[in-house]
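The next block holds one structure in the form of structure tokens; read it before the comments.
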Amino acid sequence: MTPPPWEVLSSRTVVRDRWIELRADAVRDSKGNVLDPFYSLSYPDWVQVVAITPADELVLVRQYRHGARAWVLELPAGAIDASDADECAAAARELREETGYTAAEYRSVGALSPNTATHRNLSRAVLALNAAPTHPTAHEAGEDITVELWPIPRVLAGLRDGLLPQAMHVSALLLALNAAGRLDLRLKDAP
């Protein structure tokens with residue numbers, strides 16, 4: 001039998017702005033221990049776009065990430081806005097804004113928690129097929145982005161070496177390639 005959820009004894013907002021809410025809760029766990037403060041982070045849900053071109057390349061972005069203090073290669077991604085109808089609409093918007101690409105088809109392929117211990121939002125993976133450049137980019141302040149096209153096998157070969165250092169982007173890539181029939185995630189028999 002699963003124990004009941006932790007009891008929230010009190011809760012206060014430490015920080016709230018347009019991107020994040022940091023809450024400090026006093027909670028009682030299932031064994032009766034009181035943890036105070038227990039921090040949790042609320043963000044809007046995020047979307048990662050796995051865009052594949054007709055030439056079988058991934059549309060990737062290289063951008064400066066201040067948390068890592070480095071320029072990193074990533075999938076096009078961003079927050080799902082309240083005005084977005086769903087994650088596919090958000091994916092289409094983010095892909096167009098960050099890269100200038102649009103796709104013939106968008107397919108939602110999974111939703112995962114970035115960190116079940118502290119995050120309340122979901123990270124959603126969207127597959128975008130037959131992506132092509134159709135628009136100028138529309139970068140927001142803080143988006144210092146260049147677009148790069150990479151062959152799928154080269155990206156997969158570089159995952160172990162940290163080619164895509166963002167863990168949520170790696171999981172989105174694997175889910176999307178599996179949904180596209182390009183990667184088999186079934187367990188093989190033991191040797």
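The values are calculated or read from the model by the stated rules, or taken from the named source; none is laboratory data. Remember, it's a predicted structure, so these values are computed and weren't measured experimentally. Backbone-built Cβ (ideal geometry, glycine too); neighbour counts: all protein chains shown. For accessibility, only protein heavy atoms count, side chains too; no ligands or nucleic acids. Shrake-Rupley method; radii C 1.70, N 1.55, O 1.52, S 1.80 Å.
Taking label points 7 Å from Cα along the Cα-to-Cβ direction, Asp184 and Leu159 give a separation of 1.6 nm.
Here the range 73-191 has 53 percent of its accessible surface on carbon and sulfur atoms, given a 1.4 Å probe and all protein chains in place. Taking the C-alpha atoms only, the angle from helix 87-99 to the longest principal axis of the chain is near 60 degrees.
Only helical runs count toward this figure. For the chain, summing -39,500 (n - 2.57) over DSSP H runs of n ≥ 4 and dividing by all residues gives -5000 deg cm²/dmol at 222 nm.
Helix 167-179 and the longest principal axis of the C-alpha atoms of the chain enclose an angle of approximately 60°.
Average 1/r across all pairs of distinct alpha carbons in the chain, invert it, and you get the Kirkwood radius: 18.3 Å. Taking the Cα centre of the chain as reference, the dipole from Cβ charges on Lys and Arg (+1) and Asp and Glu (-1) amounts to some 480 debye.
Kirkwood analysis of the Cα pair distances in the range 99-191 returns a hydrodynamic radius of 15.5 Å. Taking every protein chain into account, the accessible area of the chain amounts to 58 square angstrom per residue (probe 1.4 Å). In percent, rounded to a whole number, the relative contact order of the range 37-127 is 37, using alpha-carbon pairs under 8 Å and six or more apart. Considering only alpha-carbon pairs that sit under 8 angstrom and 6 or more positions apart, the relative contact order computed for the chain is 21 percent.
Over the range 10-95, the pair-distance histogram of Cα-Cα distances with 5 Å bins from zero comes to 3, 12, 14, 14, 16, 13, 10, 8, 6, 3, 1, 0 percent, rounded to whole numbers. Each of Ala131, Ala89, Val72 was scored by the projection of its Cα onto the charge dipole of the range 58-191, and the greatest displacement toward the positive side belongs to Val72; charges sit on the C-beta of Lys, Arg, Asp and Glu.
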